[in-house]
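Quick notes on the structure that follows.
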Amino acid sequence: MDRQQDHVLRSIQENDVRFIRLWFTDVIGTLKSVAIAPAELEEAFDEGIGFDGSSIEGLARVVEADMLAHPDASTYQILPGTAEGGLVARMFCDITTRDGEPARSDPRSILRRALDRAADMGLSFYTHPEIEFYLFHPHDDPDVDFKPIDRAGYFDHSARSIALDFRRDAVAALESMGIPVEFSHHEAGPGQNEIDLRYTDALSMADSIMAFRNIIQDVAISQGVFASFMPKPLINQPGSGMHTHMSLFEGDKNVFYDPSATYLLSATARKFMAGLLEHSRAISAITNQHVNSYKRLWAGDEAPSFVSWGHNNRSALVRVPTLRAGKPQSARIEYRAIDSATNPYLAFAVLLSAGLDGIERNLELPDEALDDVMSLSRNERRALGIRSLPGNLEQALSLMHESELVAQTLGEEAFEYFLRNKENEWQAYRNQVTPFERERFLSVN
């Protein structure tokens with residue numbers, strides 16, 4: 001037993017923890033959980049917890065059903081708000097076969113493989129997401145629209161706001177679990193909020209995003225409201241994105257920084273950006289996995305619809321934030337298409353793979369977009385060589401299907417399952433008759 005595992009066992013005993021929840025996700029990004037008693041944890045560390053992998057979306061075929069969940073002691077945290085009925089802790093798990101091989105379709109393993117590829121190049125990958133979500137008043141009537149908890153806008157402050165109290169409690173809960181928060185504020189839509197997590201390595205951040213969603217839902221329930229990470233829940237209001245800042249490090253050195261370069265951005269960073277732009281259309285089904293995702297991308301409100309980059313240009317897909325000389329650690333780029341409903345393990349894996357491909361192939365970054373890309377005409381964008389992102393999930397899946405990079409990053413099993421699952425989602429969506437259609441076409445003139 002290693003030192004971290006020993007620390008976890010001591011903490012459980014010293015804090016009288018009653019239950020340990022073991023967390024992992026399916027391929028689509030749904031959080032899965034099994035609870036064990038403290039007495040079972042030492043054996044779980046040694047041998048793992050057995051379960052039927054074929055019952056988890058995309059994890060294993062029936063003939064390979066037996067899987068093991070191995071708790072990662074480095075992710076141990078006591079969950080907030082559980083003292084009254086006994087403390088509850090959680091750990092994320094790595095999923096393996098009975099032979100001890102990493103499960104090929106385990107999203108955490110998929111991200112680890114991408115990070116190993118970066119490590120082979122001497123690099124580590126860091127991310128910082130800006131996570132947006134809506135708060136609504138709950139109701140049980142499926143024919144009634146959800147009502148936002150307020151009518152506030154960007155950065156609005158009210159001493160008696162539900163959202164203000166919500167963000168305070170949510171940030172306190174996150175930080176009690178060792179998830180540091182950089183900013184929190186009201187976003188542009190009514191009832192819309194944003195909480196930004198502080199930079200860390202991509203695997204820890206993906207774990208934190210999954211924990212974040214769970215905590216936000218728990219705090220919402222405790223305050224009698226409903227939290228949604230749906231990409232575009234309201235007509236004529238902004239969607240919820242997860243703008244993600246990224247950088248690569250070589251040891252303690254940020255390799256995206258060059259004090260002599262334009263925008264202080266190194267040649268490595270420019271190649272990484274070129275890779276993101278090259279593969280952006282093919283990875284859209286991963287970064288924007290739902291039929292609803294494309295209503296956010298194509299509705300404006302600073303959601304990017306076109307493949308371009310720019311310095312401080314919020315209409316661009318890839319934005320280079322203003323950097324200050326003498327602060328090399330802050331050099332970064334921002335990918336703006338990704339939304340809050342993505343599976344963060346898969347999203348970070350394909351973003352990293354796309355960027356590394358740009359570095360390995362010495363891809364050249366196209367010219368910067370200096371204007372609002374959305375305001376340009378189709379002919380102007382064509383003249384500038386600016387392509388569009390997919391217009392819907394069907395187009396995104398078609399592009400993903402042809403992508404060798406996405407197939408290699410996800411592995412055959414996860415790649416094929418993801419495509420099947422999302423093709424079913426598209427088919428179910430396409431079969432719907434919407435209120436818009438009935439209102440426009442049902443009446444006889």
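The values are calculated or read from the model by the stated rules, or taken from the named source; none is laboratory data. If you're wondering where the values come from, they're calculated on a predicted model, not measured in any experiment. Cβ atoms come from the backbone with ideal geometry, glycine included; neighbour counts cover every protein chain shown.
Numbers below:
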{"item": "Test: residue in segment 155-171 that is in a helix (DSSP H, G or I) and surrounded by fewer than 16 Cβ atoms within 10 Å (Cβ to Cβ)", "result": "yes"}
{"item": "Criterion violated by Thr322 - all others in (1) among the β-branched types (Val, Ile, Thr); (2) assigned to a helix (DSSP H, G or I); (3) more than 21 Å from the chain's Cα centre (by Cα) satisfied", "result": "(2)"}
{"item": "Filtered residues of segment 197-241 (kept if among the polar types (S, T, N, Q) and assigned to a loop (DSSP other than H, G, I, E, B))", "result": "Gln223, Asn236, Gln237, Ser240"}
{"item": "Number of positions in segment 277-316 that are touching a helix residue (DSSP H, G or I) at 6+ places or on another chain (Cβ under 7 Å), of a type in the set (A, V, I, L, M) and either outside any helix (DSSP H, G or I) or under 23 Å from Arg332 (Cα atoms) (or both)", "result": "7"}
{"item": "Single match in Glu194, Glu182 (criterion: over 16 Å from the mean Cα position of the chain (by Cα) and outside any loop (DSSP other than H, G, I, E, B))", "result": "Glu182"}
{"item": "Filter result for Arg104 (over 17 Å from Gln13 (Cα atoms), of a type in the set (D, E, K, R) and in a helix (DSSP H, G or I))", "result": "no"}
{"item": "Residue within segment 348-359 that is more than 21 Å from the chain's Cα centre (by Cα), surrounded by fewer than 21 Cβ atoms within 10 Å (Cβ to Cβ) and hydrophobic (A, V, I, L, M, F, W, C) present", "result": "no"}
{"item": "Some residue of segment 250-259 being assigned by TED's automatic domain parsing to the domain that holds Leu276, within 22 Å of the chain's Cα centre (by Cα) and of a type in the set (D, E, K, R)", "result": "no"}
{"item": "The listed residue being assigned to a helix (DSSP H, G or I), modelled with pLDDT of 95 or more and farther than 13 Å from Ala285 by Cα, out of Ala407, Ala428", "result": "Ala428"}
{"item": "Residues of segment 43-95 that turn out to be outside any helix (DSSP H, G or I) and either modelled with pLDDT under 85 or within 14 Å of Trp23 (Cα to Cα) (or both), as a count", "result": "37"}
